[in-house]
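The values are calculated or read from the model by the stated rules, or taken from the named source; none is laboratory data. For clarity, every value in this text was computed on a predicted model and none was experimentally measured. Cβ placement follows ideal geometry from the backbone for every residue including glycine, while neighbour counts extend to all protein chains displayed. For the accessible areas, the whole protein counts, side chains as well, though only heavy atoms, and no ligand, DNA or RNA atoms are used. Shrake-Rupley method; radii C 1.70, N 1.55, O 1.52, S 1.80 Å.
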Amino acid sequence: MPVYENTKLILEGIGSTTLVCVTKTIEPERINEAIRAGARIIGENRVREYEDKCKDILPCETHLIGHLQTNKVKKAVHLFDVIQSVDSLKVIRNINEKAGAIDKVQKVFLQVNIGNEPQKYGFGPDEIKKVITEVRSLGNVRVEGLMCIPPFVPPEQTRSYFRKMKTLFDEMKQENRDNIDIRELSMGMSNDYGIAIEEGATMVRVGSAIFGEREY
Ligand SMILES: *Cc1c(COP(=O)(O)O)cnc(C)c1O
């Protein structure tokens, strides 16, 4: 797959929307092609995988987009500029503690389980406001966005979930505090990022449209 060309085309197509180039399972050489083509942010799902690869990846901003286990929080805080996949109060308190220990203010997004699916990670849409109240007291995290992975349905049917996210996002943006400044709405992947942008995404997370189908 022509990674360089794919990245250029997607960057042109999305205009002012921010691209997170999703690099799970991809080798550093190919990741670097995307960075040379203009990708500024990469998204990884696994802390260990990224730790193994990072020394070979060109300078860029790094986002964690996969579920974070408690025993990996310390490493994640060292390695990632933004943790998009914050999905419980327990993990956000833990991030606050580990970030405090190294004098870092960790940027995070809250992951919303917008379809209320029992098997999925993330806060329920109704929980988010309560979560924000709790977060106000945490000095070493800064909430800068919302992230979602909608139910696995045909692309056009994701639109209603994206729309719900946008409504929630607009409500949350009113909640400006020292450590809460919600300005990013991270939604949309290879098969539906165009729809996500139409519905107000500020950031899309695209993997296979850049690198081709992943081989696990
Ligand atoms: C893998 C992944 C993506 C990218 O998926 P593609 O369909 O390859 O674009 C986006 N977000 C998350 C959370 C992912 O795990």
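Show me 186-196, 10-20 ranked by packing, highest mean number of other Cβ atoms within 10 Å first. Don't skip to the answer; put the middle values down first.
Values: 186-196: 22.1, 10-20: 16.4.
Highest-to-lowest ranking by the protection proxy: 186-196, 10-20.
Could you give the distance between the Cα centres of region 145-160 and region 28-97, to the whole Å?
About 22 Å separates the Cα centre of region 145-160 from the one of region 28-97.
Once you put a point 7 Å from the Cα of residue 152 and another 7 Å from the Cα of residue 48, both along the Cβ direction, what distance in nm separates them?
Each label point lies 7 Å from its Cα, and together they span 2.3 nm.
Please list, ordered by chain and number, the residues whose modelled amide H lies under 5 Å from the amide H of residue 113; skip anything fewer than 5 residues away on the same chain.
For residue 113, whose amide H was placed from the backbone, the distant partners under 5 Å are 123, 124.
Could you name the lysines in cross-link range of residue 24, using Cα to Cα under 24 Å and dropping any fewer than eight places away on the same chain?
Answer for residue 24, where 24 Å is the Cα cut-off: 8, 53, 55, 72, 74, 75, 107, 120, listed by chain and number.
Got a sec? Which residues in region 119-151 would a label at residue 88 touch, if it sits 7 Å along Cα→Cβ and we count backbone N under 14 Å?
Counting backbone N atoms under 14 Å from the label point, the list is 119-124.
How large is ³J(HN,Hα), in whole Hz, for each residue of region 49-61 in order, when computed from phi with the Karplus curve 6.51 cos²θ - 1.76 cosθ + 1.60 and θ = phi - 60°, using x for Gly and Pro?
Couplings: 4, 5, 4, 5, 8, 4, 5, 9, 9, 4, x, 6, 7 Hz.
Go through 63, 78 and list them by solvent-accessible area, largest first, probe radius 1.4 Å. All intermediate terms of the calculation are to be shown ahead of the outcome.
Details: 63 0, 78 115 Å².
Result, largest first: 78, 63.
For the pair residue 103 and residue 133, what calculated FRET efficiency results from E = 1/(1 + (r/R0)^6), where r is the Cβ-Cβ distance and R0 = 22 Å, to the nearest 0.05?
Plugging the Cβ-Cβ distance into 1/(1 + (r/R0)^6) gives 0.30.
Starting from 0.36 nm per residue, how many nanometres of slack lie between residue 171 and residue 81 once their C-alpha separation is accounted for?
Values: separation 90, 0.36 × 90 = 32.40 nm, distance 2.52 nm.
My answer for the length gained is 29.9 nm.
Which sequence of 49, 5 reflects their accessible areas, 1.4 Å probe, from the largest down? If you can, show how the numbers build up before the last one.
Values: 49 45, 5 100 Å².
Order by accessible area, largest first: 5, 49.
Go through 11, 77, 62 and say which Cα lies farthest out towards the positive end of the charge dipole of the chain; charges sit on Cβ, +1 for Lys and Arg, -1 for Asp and Glu.
Of the listed residues, the answer is 77.
Show me, for region 93-103, the HN-Hα J-couplings you get by feeding each phi into the Karplus relation (A = 6.51, B = -1.76, C = 1.60, θ = phi - 60°), rounded to Hz, glycine and proline as x.
5, 5, 4, 4, 5, 5, 5, x, 5, 10, 6
With +1 assigned to the C-beta of every Lys and Arg and -1 to the C-beta of every Asp and Glu, and no other charges, what is the dipole magnitude of the chain about the Cα centre in debye, to the nearest 20?
Working: 31 positive and 32 negative charges, 120 e Å.
Using Cβ point charges on Lys, Arg, Asp and Glu, the chain gives about 580 debye.
Using only DSSP helix segments of four residues or longer, with each worth -39500 (n - 2.57), what per-residue ellipticity at 222 nm results for the chain after dividing by its residue count and rounding to 500?
-10500 deg cm²/dmol
Could you pull out the GluC sites (Glu not before Pro) across region 187-216 that fall in loop regions by DSSP (anything but H, G, I, E, B) with no more than 14 other Cβ atoms inside 10 Å? Spell out each step's value before the answer.
On the way: sites: 198, 199, 213, 215; in loops: 199, 213, 215.
Sparse-neighbourhood loop GluC sites (Glu not before Pro): 213, 215.
With only Lys, Arg, Asp and Glu charged, each at its Cβ (+1 for the first two, -1 for the last two), find how big the charge dipole of region 109-190 is about the Cα centre; round to the nearest 20 debye. Mind dumping the intermediate values first?
Numbers: 12 positive and 12 negative charges, 18 e Å.
That gives a dipole near 80 debye.
Of 43, 110, 203, which is farthest on the positive side of the dipole of region 3-211, counting Cα position, with +1 on Lys and Arg Cβ, -1 on Asp and Glu Cβ, and the Cα centre as origin?
Looking along the dipole axis, the top candidate is 110.
Which whole-number value in Å² is the accessible area per residue of the chain, probe 1.4 Å? All intermediate terms of the calculation are to be shown ahead of the outcome.
Details: 10430 Å² over 216 residues.
On a per-residue basis, 48 Å².
Under the Kirkwood approximation for Rh and a Cα-based Rg, what ratio Rg/Rh is obtained for region 3-211?
Working: Rg = 16.3 Å, Rh = 17.2 Å.
With Rh from the inverse mean 1/r over Cα pairs, Rg/Rh is 0.95.
With all protein chains present, how much of the accessible area of the chain (probe radius 1.4 Å) comes from carbon and sulfur, to the nearest whole percent?
Working: 4980 of 10430 Å².
Of all accessible area on the chain, carbon and sulfur atoms account for 48 percent.
Run through the DSSP bridge list for the chain and note the antiparallel percent, rounded to the nearest 5. Let's see the in-between values first.
Values: 1 of 30 bridges.
Close to 5 percent.
Return the inverse of the average 1/r over all pairs of distinct C-alpha atoms in region 113-215, which is the Kirkwood hydrodynamic radius, in Å to one decimal.
Working: mean 1/r = 0.0690 Å⁻¹.
Value: 14.5 Å, from the Cα pair sum.
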